[in-house]
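All remarks here apply to the structure that follows.
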There are 2 protein chains.
Amino acid sequence: MNTSSHSLRLMPAGIDTYSHPVVYMHADCHVCQAEGFRALTRVRIDCGRKWVIATLNVVTGGCWLPPDAAALSDAAWQALQPGPGALGRLSHPEPPAAASFIRAKVYGERLAQAQFNTIIGDALARRLSDLDLAAFVTACSGDRLDFEETIALTRAMQAAGKSLNWGKDLVLDKHCVGGLPGNRTTPIVVAVVAAAGHIIPKTSSRAITSPAGTADVMEVMAPVELDLTAMRRVVETQGGCVVWGGGLRLSPADDALIRIERPLDFDSDGLIAASVLSKKAAAGADRVIIDIPVGTTAKVRSSAAAAALSARLNAVAAAVGLELKIHISDGSRPVGRGIGPALEAADVLKVLRRDPDAPADLRERALTLAGLLLELGGAAGTGPETAAQLLDSGAAEQRFMAICEAQGGFREPETAAHRTQVTAADSGTVTAIDNRLIARIAKLAGAPQRARAGVLLLARPGDRVQRGGPLFEIHSETPGELAYAQDYAARQPGPFSITELS
Amino acid sequence: MNTSSHSLRLMPAGIDTYSHPVVYMHADCHVCQAEGFRALTRVRIDCGRKWVIATLNVVTGGCWLPPDAAALSDAAWQALQPGPGALGRLSHPEPPAAASFIRAKVYGERLAQAQFNTIIGDALARRLSDLDLAAFVTACSGDRLDFEETIALTRAMQAAGKSLNWGKDLVLDKHCVGGLPGNRTTPIVVAVVAAAGHIIPKTSSRAITSPAGTADVMEVMAPVELDLTAMRRVVETQGGCVVWGGGLRLSPADDALIRIERPLDFDSDGLIAASVLSKKAAAGADRVIIDIPVGTTAKVRSSAAAAALSARLNAVAAAVGLELKIHISDGSRPVGRGIGPALEAADVLKVLRRDPDAPADLRERALTLAGLLLELGGAAGTGPETAAQLLDSGAAEQRFMAICEAQGGFREPETAAHRTQVTAADSGTVTAIDNRLIARIAKLAGAPQRARAGVLLLARPGDRVQRGGPLFEIHSETPGELAYAQDYAARQPGPFSITELS
């Protein structure tokens, strides 16, 4: 604790600053003056036993903020939860020890376990600014973390959160490295594997840089923001669940880094491996399958890149005691028809319900992964067959509905109010769909924050289309987003490649 | 322009967000709804012919913001300067083309001229967020920019601002790479060189990561925020000036990067070279001396590092047409007695006034650089001698006072109200002073934002001190800052190394 501190009455600013704590103080407030606080100073605020480090925005006008008060952004208010009329003690925070380690990493030095622990600790205590975290994420990108550093970062991230223990010998889990729009196998895989009698306590993330994360899609069909007690009840009765990991604070360090990676829109092998495996270890899994789709417009673009990521994942898994099976899959095109939370949920339900119109590729991919997981779980040689039986018999659908009910109640996906079709400029055969461009359009349309927004594919690679015939449909919840996505779709070379094959 | 846009009445939020444009809008505002804006969305605001891209903070409570209005932070308000009752058109900005180039650089790719131009252009148009810029700065740090990239970045930065033309064959300039507290030679060098009849239109920066920049120190003695017309008048009448470069927008790109580098507290050879030389070229200089102090606690820590930086500076200078002379100097200890704007100004004035108490090291360093500049200016062999004559005769003092008057009027430095001495824990001889620790204490005391804050050295390397005898004095304008700096000074191993020499 700092010796010099001053108190001000705390009040909510009622401003959402994207979960970054901000404190608003008057330029002529006596505490600002006495402490020498300035715009962008990081200020420690103590209230009772709680404290937070917030960025100062200096109020220079208006009359909403009394000079003897400090107003807190939503995130800062949440962190302190002050009672009515509560005072906050404001002081300069300790300089973060992590800053010099981040600087060392920026300059290309290797970091050791203790240094990663400090960085993660200071990040979680909000001692580091968003800029510091952006520098750290950048300095760890590309090839800049070696395997040992990746292991150290993974351990630091795991140690910073809770770890679950299921009291079972065998806990299965899966993860997909992503980048493939519509590739929403998880709810199907969990349903099949749980129907087979295994434990698969799946925690999923919301979208990081994509139009939908598994948690976003699952949330269309059932609540996903369960606490640990509720999650445990679901898994104990149903064998599996699909819940949002962020709410469980299993890996708060991962949440803190993802908060920065999301707007930066890049990540890297080291950060992916640390993020995925720290979460799997924390979730209590011991055998995990990882799907790596490879394609020129997927997140992993080449076999060489997949091999490099696999090697790193295997090294880290061995170090933290996870049995890993890596599955390299085709990442050349989107999966299913829908891209965006509700549209992907609709595809998932069609597969589980054995709808004749269900996307065959999504079904195939889910069965492959479920089969591999069943084999990891002991069913050597019979995995794929068992998986197909569980799906075809309706056992998986039944289990999925039971999981949804246990998570708080199933709900049917709805369709967006604003839709428009994008048509082919020429006749020919669809030879490719650019994953990134189609994902970008779905995001501009409002996905994932607007659950019903996204893109519905109306043609697939291999299909013959006529000039003026439909290629895809943009779904939006607001006319502004629809127009924006449509503008973008019209300007681009277009996500569809169409060739007149001879 | 985007086809979909909506208008709201603009009002000042009266919030200083450290020159980052922020727009505050109600969560239930119809434009937020229609456009799908969310916290941290980057929003384009057009007002008349002006526009700005601002970060959205969503107002969730309070009653200071009417739902049909958008409130602008100080920086956003400044950018648009809306008339009373003016409407702003709010829309999604174009996705910045620079984002993918920054990502490429993060992944270790080389960038070409056009890509640097795009990054600088998007940065100046505020299309890039602070996080994007932090990623760019980080990705360019360490050894990550090669010489050609540094040249390209320098050209991009120079092209983004104005360039001055003095209509003379010979325009001199100087720069110090810094990191050496108290090394405030510039006002003295400018006074001597101008007194010799040369043109030296010196633009200086405010502190980036140090307790004082030359502009901060000069501002204690005279106004430095001159516009180009005023600066030109000073140089045309006095031959030299010492003004703040940031206000001239000679290198707005440099200002934009420094805004991010300052809180990150790191820079790198490539960014230093691009920053310094783009500004020198823009200021119309053609012969420049660069002082690189080398010391284990200076910015440049070794001869090898100095050689690497020199090679890069020479390569860039040759490419942009500057004649460069690099002077490597002793960076092992602070220079003069004061550290902080007013304390350093006092040292400068003592040297110019030939005060018997003037710090000899500051005088020596200033004369060396002035002598080298006079030789660059044609006085081969007689530079140091001429420089000493101009200083000793009072010609330099006279010229300095005339420059101050021309810049708006000379003022005498004042002393801080709150001071405390830090004393020696043991008797012995001072063998070293850590530049970084002493600078850190001066910053915690309030420098450079508080002009009178800083550190006054009361003992120098080589001095014999008694236990309890004074080492340095902390100066602050507020009790809070004094206490904070004192706490820090007490906790550290201490900036002074004291050894009982046998």
Looking only at the stretch B:1-38, and only at residues there that are at the interface with another protein chain (Cβ under 7 Å from one of its Cβ atoms), surrounded by fewer than 19 Cβ atoms within 10 Å (Cβ to Cβ) and within 36 Å of the chain's Cα centre (by Cα), the one that is modelled with the lowest pLDDT: B:R38
Close pairs from the stretch B:52-66: first facing chain A (nearest Cβ under 8 Å), partner basic (K, R) and surrounded by fewer than 21 Cβ atoms within 10 Å (Cβ to Cβ), Cβ under 9 Å, at least 6 apart: B:V58/B:R38
Number of the condition not met by A:E225 [criteria: (1) farther than 18 Å from A:M157 by Cα; (2) crowded, with 23+ Cβ neighbours inside 10 Å; (3) more than 14 Å from every other protein chain (Cβ to nearest Cβ); (4) under 16 Å from the mean Cα position of the chain (by Cα)]: (2)
Matching residues in the stretch B:319-372 - criterion: being buried (at least 22 other Cβ atoms within 10 Å of the Cβ), of a type in the set (K, R), modelled with pLDDT of 95 or more and not in a helix (DSSP H, G or I): B:R337
Subset of the stretch A:470-496 [small (G, A, S) and either assigned by TED's automatic domain parsing to the domain that holds A:G182 or surrounded by 15 or more Cβ atoms within 10 Å (Cβ to Cβ) (or both)]: A:S476, A:G480, A:A483, A:A485, A:A489, A:G494
Answer from A:E261, A:E236, A:E219 - the residue that is within 14 Å of another protein chain (Cβ to nearest Cβ), among the acidic types (D, E) and assigned to a helix (DSSP H, G or I): A:E261
Qualifying residue in the stretch A:151-158 (condition: closer than 20 Å to A:A305 by Cα and either more than 17 Å from the chain's Cα centre (by Cα) or modelled with pLDDT of 95 or more (or both)): yes
Residue list for the stretch B:173-212, filter: among the hydroxyl-bearing types (S, T, Y) and assigned to a loop (DSSP other than H, G, I, E, B): B:T185, B:S205, B:T209, B:S210
Residue check for A:R42: over 24 Å from B:D265 (Cα atoms) and either modelled with pLDDT under 90 or under 34 Å from the mean Cα position of the chain (by Cα) (or both): no
The stretch B:413-456, residues that are under 26 Å from the mean Cα position of the chain (by Cα) and among the charged types (D, E, K, R): B:E414, B:D434, B:R436, B:R440, B:K443, B:R450, B:R452
Residue selected from the stretch B:95-137 under the condition surrounded by fewer than 16 Cβ atoms within 10 Å (Cβ to Cβ) and part of a loop (DSSP other than H, G, I, E, B), by the criterion farthest from the other protein chains (Cβ to nearest Cβ): B:A112
Flag for A:V430 being under 25 Å from A:V294 (Cα atoms), touching a residue at least 24 places away in the same chain (Cβ under 8 Å) and part of a strand (DSSP E or B): yes
Residue count, the stretch A:264-288 (criterion: away from chain B (no Cβ under 14 Å) and part of a helix (DSSP H, G or I)): 10
Check on A:G383, surrounded by fewer than 22 Cβ atoms within 10 Å (Cβ to Cβ) and at pLDDT below 95: no
Some residue of the stretch A:159-172 being assigned to a strand (DSSP E or B) and away from chain B (no Cβ under 14 Å): yes
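The values are calculated or read from the model by the stated rules, or taken from the named source; none is laboratory data. Note that the structure is predicted; figures quoted are calculated from it, not measured. All Cβ positions, even for glycine, are placed from backbone atoms using ideal geometry, and neighbour counts span all protein chains on display.
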